[in-house]
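Undergrad: The structure is given below, and queries will be raised subsequently.
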Amino acid sequence: MNTAESMALDPTRVVGRSIVAGNVVADSTDSSLRFRSFAPAGGLNLPPMFQAATDQEVDGAARAAAEAFPVLRDASGSSRAALLERIAEGLAGLGDTLTELASAETGLPVPRIAAERDRTLFQLRLFAEVARTGDWVEACIEHGDPSRSPAPRPDLRRMLRPLGPVAVFGASNFPLAFSVAGGDTASALAAGCPVVVKGHPLHPATGELVATTIADAVAALDLPVGCFAFLHAGGARSVAVGEELVRHAAVAAVGFTGSHAAGMALARLAASRREPVPVFCEMGSVNPVFVLPAAMAANPTGWAQTLFSSVTGSVGQMCTCPGVVFVVRSAGSELFVEALEQAFRAAPAQPMLSARIHAAYAARIDELSQLAGVRATIAPEGPGVAGRPAVLVVDWNVFRSTAVLAEECFGPSTVVVECDDLDVMEEAAAAVHGTLAASLWMNDADQAAASRLFPRLERRAGRVVVNGPPTGVEVSAAMVHTGPAPASNRPDATAVGPLSIRRWCRPVCFQNVPDALLPPELKDANPLGIERWVDGVRNPPARTSRTAGRT
């Protein structure tokens, strides 16, 4: 069964219109709102015709989210967990329809989409567990001391409280894990923040199908309809929908995954509001790899295969793909480069996410391959929007003096930089831009060299990897998916794992507040049984009476 046929089985699921306040918006006769979904692999438009959200619909979604916020903010952790689990259950129930549709709209293989689907379900269930447990609020209690001299010490209690409605921007390269029901949405709902998603125009049908599932879950649990909204954005309204959403007074925070230019434009827009709001952007990254001499000598062809697989996976369209690799010239590095060039020369071109992304990638590879001092090995031409894998080999002096070589090239390519010695490699480590991840490939004989590079990489990367590629981001409490600029505008926050909930909150201190008025997380009796810091002790037994001084 092809994707168009599977969609036609239930036309009520994907009708091409936004979801606002729990309802599919009305059909419009305004042709300027229309846009189509495109299948990169087949080069054909997919049904149905889509309708971008109007400014009235953006306003309606944001207002409904503001009305829903007090209810979702005060909902129990169990209620938020039930919503996230219901969403996961609904997405799992879509089966092959979801994976085939996402594959058709992105050109990514069904197994790759299926793995992303499983990751999405896992993170929804993980955030449900975190919400239900409730420890994420970082509750801290310092009991007052009315006898303290020269002044009584007040009773102070602090916890994280949700900010309000969150605008989430879907990502082009992850139609599930970083889009409508992705980590930004899951973490915001876990925090108690309603979500308004600006759908990505490259996979509108996938986005709408997922959005309908979320809206169904909200309705099934009798939560306010404003807890979730989905706004189509494409054609002439592709940019405007997002800008209107960020400017809306009801929006309290923004989550974005995409290009550096677009992310920083949104951050500037949010900062220019009468009441500025935080924007958390995960943007482009080169994710450098440093191969140390002893490791290179021991396994040059093996490292070449590892790098090739990481560079070309998902057609190089992942934020953690290794865009540059540094090696010290040696007999081993010559074998490494030879094996790498052979692999790239034989690699098939695969469809990229869109004609625009393909054109930008092809233009960049053409530009880089023409530079003096660059040796380029490029795979044969492919049909349509197929991206040609490419490896570029340069000397450190050429790389250092050519800024464009150090910038992200979104697609299946990497730059190998040949260094004369470890001193030059250390200089390179100090010069790399802020990045999501950096990899150090080494063995026991490289310990001294690694100790020189490691501190420099820690300063420039959100995640330092030893003996593995930067691709493959585990969803866990210890994971960090951010980095210094230009990889992110907020190196203090992560976009992956339970710590990401913190983005959608602010710390609030309650001073000398009666127990009856306190949130349950801060009551002396600890009715939720959460982990807390009390008078400098982690998770002590609950108190039965208040000893705080009163003013």
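Undergrad: Would you check if TRP441 is touching a Cys at 6+ places or on another chain (Cβ under 8 Å) and modelled with pLDDT of 95 or more?
TA: Details: touching a Cys at 6+ places or on another chain (Cβ under 8 Å): no; modelled with pLDDT of 95 or more: yes.
When the stated conditions are applied, TRP441 does not pass them.
Undergrad: I've got another one for you. Which of the following residues is part of a loop (DSSP other than H, G, I, E, B) and either surrounded by 14 or more Cβ atoms within 10 Å (Cβ to Cβ) or at positive phi (or both): ALA477, ALA495?
TA: Working: ALA477 fails: either surrounded by 14 or more Cβ atoms within 10 Å (Cβ to Cβ) or at positive phi (or both).
Checking each option against the conditions leaves just ALA495.
Undergrad: Shifting gears a bit: I'd like the full set of residues that are open to solvent by 30 Å² or more (accessible area, probe 1.4 Å) and either at positive phi or free of Cβ contacts under 8 Å to residues at least 60 places away in the same chain (or both), limited to the range 503-517.
TA: PRO514, ASP515, ALA516, LEU517
Undergrad: Output the number of the condition that PRO165 fails; it satisfies all remaining conditions of (1) surrounded by 21 or more Cβ atoms within 10 Å (Cβ to Cβ); (2) in contact with a Lys or Arg (Cβ under 6 Å, 6 or more places away or on another chain).
TA: Every listed condition holds for PRO165 apart from (2).
Undergrad: Can I ask one more? Yes or no: the range 431-451 includes at least one residue that is without any contact (Cβ under 8 Å) to a residue 40 or more places away in the chain, open to solvent by 10 Å² or more (accessible area, probe 1.4 Å) and within 13 Å of VAL286 (Cα to Cα).
TA: Yes, the range 431-451 contains a residue that is without any contact (Cβ under 8 Å) to a residue 40 or more places away in the chain, open to solvent by 10 Å² or more (accessible area, probe 1.4 Å) and within 13 Å of VAL286 (Cα to Cα).
Undergrad: Out of PRO470, PRO455, PRO486, report the one residue that is open to solvent by 30 Å² or more (accessible area, probe 1.4 Å) and not in a helix (DSSP H, G or I). Steps first, answer last, please.
TA: Working: PRO470 fails: open to solvent by 30 Å² or more (accessible area, probe 1.4 Å); PRO455 fails: not in a helix (DSSP H, G or I).
Just a single option satisfies the conditions, and that option is PRO486.
Undergrad: Before we move on, is GLU521 under 29 Å from ARG148 (Cβ atoms), in contact with a helix residue (DSSP H, G or I) (Cβ under 7 Å, 6 or more places away or on another chain) and open to solvent by less than 40 Å² (accessible area, probe 1.4 Å)? Steps first, please.
TA: On the way: under 29 Å from ARG148 (Cβ atoms): yes; in contact with a helix residue (DSSP H, G or I) (Cβ under 7 Å, 6 or more places away or on another chain): yes; open to solvent by less than 40 Å² (accessible area, probe 1.4 Å): yes.
Yes.
Undergrad: Within the range 43-82, work out how many residues are part of a helix (DSSP H, G or I) and in contact with a helix residue (DSSP H, G or I) (Cβ under 6 Å, 6 or more places away or on another chain). If you could, list the steps in order and put the result at the bottom.
TA: Restricting attention to the range 43-82, the residues satisfying the condition of being part of a helix (DSSP H, G or I) are 55-74, 77-82.
In the following step, the residues that additionally are in contact with a helix residue (DSSP H, G or I) (Cβ under 6 Å, 6 or more places away or on another chain) were identified as 55, 58, 64-65, 67-68, 72, 77-78, 80-81.
The qualifying residues number 11.
Undergrad: Taking the range 369-399 on its own, how many of its residues are surrounded by fewer than 17 Cβ atoms within 10 Å (Cβ to Cβ) and touching a helix residue (DSSP H, G or I) at 6+ places or on another chain (Cβ under 7 Å)?
TA: Adding up the residues that qualify gives 1.
Undergrad: Still on this model: Every residue in the range 74-119 that is of a type in the set (Ser, Thr, Tyr) and closer than 16 Å to ALA205 by Cβ, please.
TA: Here is the first cut: in the range 74-119, the ones of a type in the set (Ser, Thr, Tyr) are 76, 78-79, 97, 99, 103, 106.
Answer for the range 74-119, where residues must be of a type in the set (Ser, Thr, Tyr) and closer than 16 Å to ALA205 by Cβ: THR97, THR99, SER103, THR106.
Undergrad: Under 21 Å from VAL473 (Cα atoms), at pLDDT 95 or above and part of a helix (DSSP H, G or I) - does that describe any residue in the range 86-93?
TA: The initial filter retains those residues of the range 86-93 that are under 21 Å from VAL473 (Cα atoms), namely 88.
Going one step further and asking which of them are at pLDDT 95 or above, we end up with 88.
Still in the list and also part of a helix (DSSP H, G or I): 88.
Yes, the range 86-93 has at least one match.
Undergrad: Let me ask something else. Could you run through the range 458-472 and say how many residues are touching a strand residue (DSSP E or B) at 6+ places or on another chain (Cβ under 8 Å) and either of a type in the set (Gly, Ala, Ser) or within 16 Å of THR257 (Cα to Cα) (or both)? Steps first, answer last, please.
TA: Filtering the range 458-472 for residues touching a strand residue (DSSP E or B) at 6+ places or on another chain (Cβ under 8 Å) gives 458, 460-470.
Narrowing the set further to residues that are either of a type in the set (Gly, Ala, Ser) or within 16 Å of THR257 (Cα to Cα) (or both) leaves 461-462, 468.
Matching residues across the range 458-472 total 3.
Undergrad: Tell me whether the range 216-225 contains one or more residues that are surrounded by fewer than 24 Cβ atoms within 10 Å (Cβ to Cβ), among the small types (Gly, Ala, Ser) and touching a Phe, Trp or Tyr at 6+ places or on another chain (Cβ under 8 Å).
TA: There is no residue in the range 216-225 that is surrounded by fewer than 24 Cβ atoms within 10 Å (Cβ to Cβ), among the small types (Gly, Ala, Ser) and touching a Phe, Trp or Tyr at 6+ places or on another chain (Cβ under 8 Å).
Per-residue answers, yes or no, for (1) touching a Gly at 6+ places or on another chain (Cβ under 7 Å); (2) in a helix (DSSP H, G or I); (3) within 23 Å of ALA253 (Cα to Cα); (4) not charged (D, E, K, R):
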site: SER149; (1), (2), (3), (4): no, no, no, yes
site: ARG158; (1), (2), (3), (4): no, no, yes, no
site: VAL168; (1), (2), (3), (4): yes, no, yes, yes
site: ASN173; (1), (2), (3), (4): no, no, yes, yes
site: LEU176; (1), (2), (3), (4): yes, no, yes, yes
site: VAL180; (1), (2), (3), (4): yes, no, yes, yes
site: PRO201; (1), (2), (3), (4): yes, no, yes, yes
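Undergrad: Same structure, new question: Can you tell me which residues in the range 302-321 are among the hydroxyl-bearing types (Ser, Thr, Tyr) and open to solvent by 20 Å² or more (accessible area, probe 1.4 Å)?
TA: Restricting attention to the range 302-321, the residues satisfying the condition of being among the hydroxyl-bearing types (Ser, Thr, Tyr) are 306, 309-310, 312, 314, 320.
Once the filter is applied, which keeps residues that are among the hydroxyl-bearing types (Ser, Thr, Tyr) and open to solvent by 20 Å² or more (accessible area, probe 1.4 Å), the range 302-321 yields THR306, SER309, THR312, SER314.
Undergrad: Please specify each residue of the range 189-204 satisfying the condition of being touching a Ser or Thr at 6+ places or on another chain (Cβ under 8 Å) and open to solvent by 10 Å² or more (accessible area, probe 1.4 Å).
TA: If the condition is that a residue be touching a Ser or Thr at 6+ places or on another chain (Cβ under 8 Å) and open to solvent by 10 Å² or more (accessible area, probe 1.4 Å), then HIS200, PRO201, LEU202 are the ones that fit.
Undergrad: Also: If you take the residues of the range 331-348 that are of a type in the set (A, V, I, L, M) and either over 29 Å from the mean Cα position of the chain (by Cα) or open to solvent by 20 Å² or more (accessible area, probe 1.4 Å) (or both), which of them is farthest from MET318 (Cα to Cα)?
TA: To start, the set of residues in the range 331-348 that are of a type in the set (A, V, I, L, M) comprises 331, 335, 337, 339-340, 343, 346-347.
Next, only the ones that are either over 29 Å from the mean Cα position of the chain (by Cα) or open to solvent by 20 Å² or more (accessible area, probe 1.4 Å) (or both) stay: 331, 335, 337, 339-340, 343, 346.
Details: ALA331: 31, LEU335: 27, VAL337: 23, ALA339: 23, LEU340: 20, ALA343: 20, ALA346: 22 Å.
For the range 331-348, the residue satisfying everything is ALA331.
The values are calculated or read from the model by the stated rules, or taken from the named source; none is laboratory data. Quick caveat: nothing in here was measured; it's all calculated off a predicted structure. Note that each Cβ is placed from the backbone with ideal geometry, even for glycine, and that neighbours are counted across all protein chains shown. Protein only, heavy atoms only, side chains kept; ligands, DNA and RNA dropped before computing areas. Shrake-Rupley method; radii C 1.70, N 1.55, O 1.52, S 1.80 Å.
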